[in-house]
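Have a look at the structure below before the remarks.
The values are calculated or read from the model by the stated rules, or taken from the named source; none is laboratory data. Keep in mind that what you see is a predicted model, and the values were worked out from it rather than measured. Glycine also receives a Cβ, built like all others from the backbone with ideal geometry; neighbour counts cover every protein chain displayed. These area figures cover heavy atoms from the full protein model, side chains too; ligands, DNA and RNA do not enter into them. Shrake-Rupley method; radii C 1.70, N 1.55, O 1.52, S 1.80 Å.
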Amino acid sequence: MKVFFSSKNYFTSALMWVIAIGLLIVVFIKKPDAQEPSIYIFYAIMITIILALIWILLDTKYILKENKIFYNSGPFRGTIDIKNIRKIQHHSGIIVPVTFKPALNTKGLIIHYNSFDDIYISPKQEDLFLKELLKVNPNIEII
């Protein structure tokens, strides 16, 4: 089992921390009013968002185990069979042309697998990550 943590773009990380801290400040500034029971729903939603942001910041990683990639990004988790990977593209830029992005950087990899699936990830040790994938599936096309 090999664990690869996500590389972090300072702007993205700082923005997520600012949002989390800003929401936390809003929660503490808003005083509960016994007349408004809906305030507790507000608190629950805000605290859930804050915890999810912090969880994503602290727990975005990719695990290679048993010929599979297990990706974790806070509450978002999944598995990709390495044998089903068709190609991997290097990508750099703010706009990433995929829907699902469990990554914290604007420089990373777009993995195309199965017939039409793709995902964007950003392992810190990109070269080592690719070597490990190619050991399992040497037919992966690297672009």
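Structure summary
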| read-out | value |
| --- | --- |
| By accessible area with a 1.4 Å probe, ligands and nucleic acids excluded, highest first: order of 56, 119 | 56, 119 |
| Where 127, 59, 81 fall by accessible area, highest first, once all protein chains stay in place (1.4 Å) | 127, 81, 59 |
| In Å², nearest 10: area of residue 55 left accessible to a 1.4 Å probe | 110 Å² |
| Accessible surface of residue 90 - all protein chains present, 1.4 Å probe, nearest 10 Å² | 90 Å² |
| Accessible surface of the chain [probe 1.4 Å, protein heavy atoms]: carbon and sulfur percent | 63 percent |
| Calculated from backbone phi, Karplus (6.51, -1.76, 1.60) coupling profile of the range 80-91 in Hz, x at Gly/Pro | 10, 6, 4, 5, 8, 6, 8, 8, 10, 10, 6, 9 |
| Accessible area per residue in Å² at 1.4 Å probe, computed on the chain | 62 Å² |
| The chain - mean residue ellipticity at 222 nm from DSSP helices (-39,500 (n - 2.57) per run, n ≥ 4, rounded to 500) | -12000 deg cm²/dmol |
| The range 1-132: C-alpha pair distances exceeding 24 Å, % | 38 percent |
| Calculated from backbone phi, Karplus (6.51, -1.76, 1.60) coupling profile of the range 129-143 in Hz, x at Gly/Pro | 4, 5, 4, 5, 5, 5, 5, 7, 9, x, 7, 5, 8, 9, 10 |
| Options 98, 79, 64, ranked by Cα towards positive dipole end of the chain, top entry (Cβ charges) | 64 |
| Cross-link table 2/61; 8/68; 107/135; 83/124; 61/101; 87/107, entries beyond 20 Å C-alpha to C-alpha | 8/68; 107/135; 83/124 |
